[in-house]
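What follows is a short report on a single structure.
The values are calculated or read from the model by the stated rules, or taken from the named source; none is laboratory data. It should be emphasised that the depicted structure is a prediction, and the values quoted were computed from it without experimental measurement. Quick reminder, even Gly has a Cβ in these numbers, built from the backbone with ideal geometry, and neighbours come from all protein chains shown. Please note that ligands, DNA and RNA were not included when accessible areas were found on the heavy atoms of the full protein model with its side chains. Shrake-Rupley method; radii C 1.70, N 1.55, O 1.52, S 1.80 Å.
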Amino acid sequence: MSDRSPESSGAKAWSGRFSEPVSDLVKRYTASVFFDRRMWRQDIRGSLAHAKMLARQGIIPQADFAAIEGGMAQVAGEIERGEFNWNLDDEDVHLNIEKRLTALIGDAGKRLHTGRSRNDQVATDIRLWLRDQLDALDGLLADYQRALLALAEQHAATPLPGFTHLQVAQPVTFGHHLLAYVEMARRDRERFADCRKRVNRLPLGAAALAGTTFPIDRAFVAQELGFDGVCENSLDAVSDRDFAIEFCAAASLTMVHISRFSEELILWMSPRVGFIDIADRFCTGSSIMPQKKNPDVPELARGKSGRVFGHLMGLLTLMKGQPLAYNKDNQEDKEPLFDTADTLIDTLRIFADMVPGIRVKPEAMAAALRQGYATATDLADYLVKKGLPFRDAHEAVARAVRAAEQKGCDLADLSLAELQAFSPLIAADVSGVLTVAGSLAARDHVGGTAPNQVGAAIARLRATLQ
Ligand code: ARG
């Protein structure tokens, strides 16, 4: 940020009615150029569409539009090459670019802001910016889904203890478990796609708040910028930030999902559990304990969910007390929004990369499954199929589990005679029921964990990811 001399900097764009300049502190406090300059591409794009419309409508001369186009190309080049002189005195990205444009092309630059306000300009820039992020996010969520699917396919039949209350419940396959996260990501993508519909409306034309006296063509600008339509009420157009809140809400849910997966990865990688290992490049060591390999990436992702939820709360609070229409409060929308998108994009990138680096240890999963009487429900179901009411079957199996516990063995290790002591309905055909493979194969319906169903689910999901 360089300071220009008063002569070259000139007065502020709005200083005509003011008798004294703002203090340096107020200047710094009210400026947003430090963070909103990252929307420079969107700002130029919006300005070009607006100027093109002005010329088409005869509001400015065609020659002015040509000059604006040429000037903006130069401004864009300067910014890209890092030569642009971002100036705190010019408050924000909009005034910085307009000022440089005017320095380059003179009066045509001064005509650009005809029929426009920074209020509808900034709302347009944010929507254009967020639309790009949404499109990038959809691709990254798809990458993450593809990575999960590839691992799920390798382990469509690998038994894992399914837990409830973090106690061994019933066998599932590791592939089936991973597909739960693919489903979450599917809903995340749907939510972002839905959010995009409300992002993709054009505020320009609302001007400061009431519309403009010039014969503008909003539909043309909307089309130029790829918007689906215009914001229909000028007051709402400049003050609405629902779309940003919706984005942060959808992002928060995605981070909930990432955080839950992270929690499982951390747990699975703990030597006490030992179900997986994560590739070294996603882990770090300890500066004091030489033996350590810590799952830093999942831990940080779990932690970063908190900052995204915070941004959602921040934006809700930002908006709740604002009267119509634009208030300077709205300038505070950008940093939370930017940080939410940045955090989510980085997190998804790293997860799509990390999932293929998960090394699964089926022996450890199988050993854990042998410890929790995971097929007890299968035995109860077996008895029900032989005619016993479910509650009685539950009771009989509970007693069998207690006996196995006392013997220190699994249900499958009890002899047929021992099992028959708990119900005479038990016959030799029970053996297939008590094995993990039998338990898995029996849950053979859409959404069930039978390996063939997991395979079919993978194929269906793959088809949606083409
Ligand atoms: N930098 C401002 C923002 O981010 C742009 C709009 C300023 N409008 C105004 N009337 N002061 O919201």
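Here are the numbers for this structure:
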item: Output for region 312-333, where each listed residue is within 14 Å of the ligand (Cβ to nearest atom) and not in a loop (DSSP other than H, G, I, E, B); result: Leu315, Leu318, Met319, Lys328, Asp329, Asn330, Gln331, Glu332, Asp333
item: Only listed residue being open to solvent by less than 40 Å² (accessible area, probe 1.4 Å), closer than 30 Å to Pro215 by Cβ and assigned to a helix (DSSP H, G or I), chosen from Ala103, Ala55, Ala73, Ala63; result: Ala55
item: Only one of Met255, Met289, Met269 that is away from the ligand (no atom under 16 Å from the Cβ) and touching a Cys at 6+ places or on another chain (Cβ under 9 Å); result: Met269
item: Sole residue being away from the ligand (no atom under 16 Å from the Cβ), touching a Phe, Trp or Tyr at 6+ places or on another chain (Cβ under 9 Å), more than 29 Å from Gln406 (Cβ to Cβ) and in a helix (DSSP H, G or I), chosen from Leu300, Leu344, Leu383, Leu348; result: Leu348
item: Of residues in region 18-51 being charged (D, E, K, R) and more than 14 Å from the ligand (Cβ to nearest atom), the one farthest from Ile97 (Cα to Cα); result: Glu20
item: Filter result for the condition that a residue is in contact (Cβ under 8 Å) with a residue 60 or more places away in the chain and in contact with a Lys or Arg (Cβ under 7 Å, 6 or more places away or on another chain), over Leu465, Leu461, Leu369, Leu425; result: Leu465
item: Long-range neighbours under 7 Å by Cβ, at least six apart or interchain, first residue open to solvent by 30 Å² or more (accessible area, probe 1.4 Å) within region 238-263, second not aromatic (Phe, Trp, Tyr); result: Asp242/Arg198; Glu246/Cys195; Glu246/Arg198; Ala249/Leu312; Leu253/Asp188; Leu253/Arg191; Val256/Ser305; Glu263/Arg302
item: Hits in region 212-224 - residues which are more than 16 Å from the ligand (Cβ to nearest atom) and either free of Cβ contacts under 8 Å to residues at least 12 places away in the same chain or closer than 25 Å to Asn327 by Cα (or both); result: Thr213, Phe214, Ile216, Arg218, Ala219, Val221, Ala222, Gln223
item: Region 122-147, residues that are within 16 Å of the ligand (Cβ to nearest atom) and among the polar types (S, T, N, Q); result: Thr124
item: Among the residues listed as Asn200, Asn119, the single one being within 16 Å of the ligand (Cβ to nearest atom), polar (S, T, N, Q) and within 30 Å of Asn96 (Cβ to Cβ); result: Asn119
item: Check on Gly306, closer than 22 Å to Val238 by Cα, of a type in the set (Gly, Ala, Ser) and in a helix (DSSP H, G or I); result: no
item: Answer from Phe309, Phe338 - the residue that is surrounded by 14 or more Cβ atoms within 10 Å (Cβ to Cβ), among the aromatic types (Phe, Trp, Tyr), more than 16 Å from the ligand (Cβ to nearest atom) and modelled with pLDDT of 95 or more; result: Phe309
item: Residue match in region 152-170 (condition: open to solvent by less than 60 Å² (accessible area, probe 1.4 Å), within 16 Å of the ligand (Cβ to nearest atom) and over 18 Å from the mean Cα position of the chain (by Cα)); result: no
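So that you can scan it fast, the table gives a plain yes or no per residue for (1) open to solvent by less than 70 Å² (accessible area, probe 1.4 Å); (2) under 43 Å from the mean Cα position of the chain (by Cα):
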position	(1), (2)
Arg359	no, yes
Ala364	yes, yes
Glu405	no, no
Glu418	yes, no
Val430	yes, no
His445	no, yes
Thr449	yes, yes
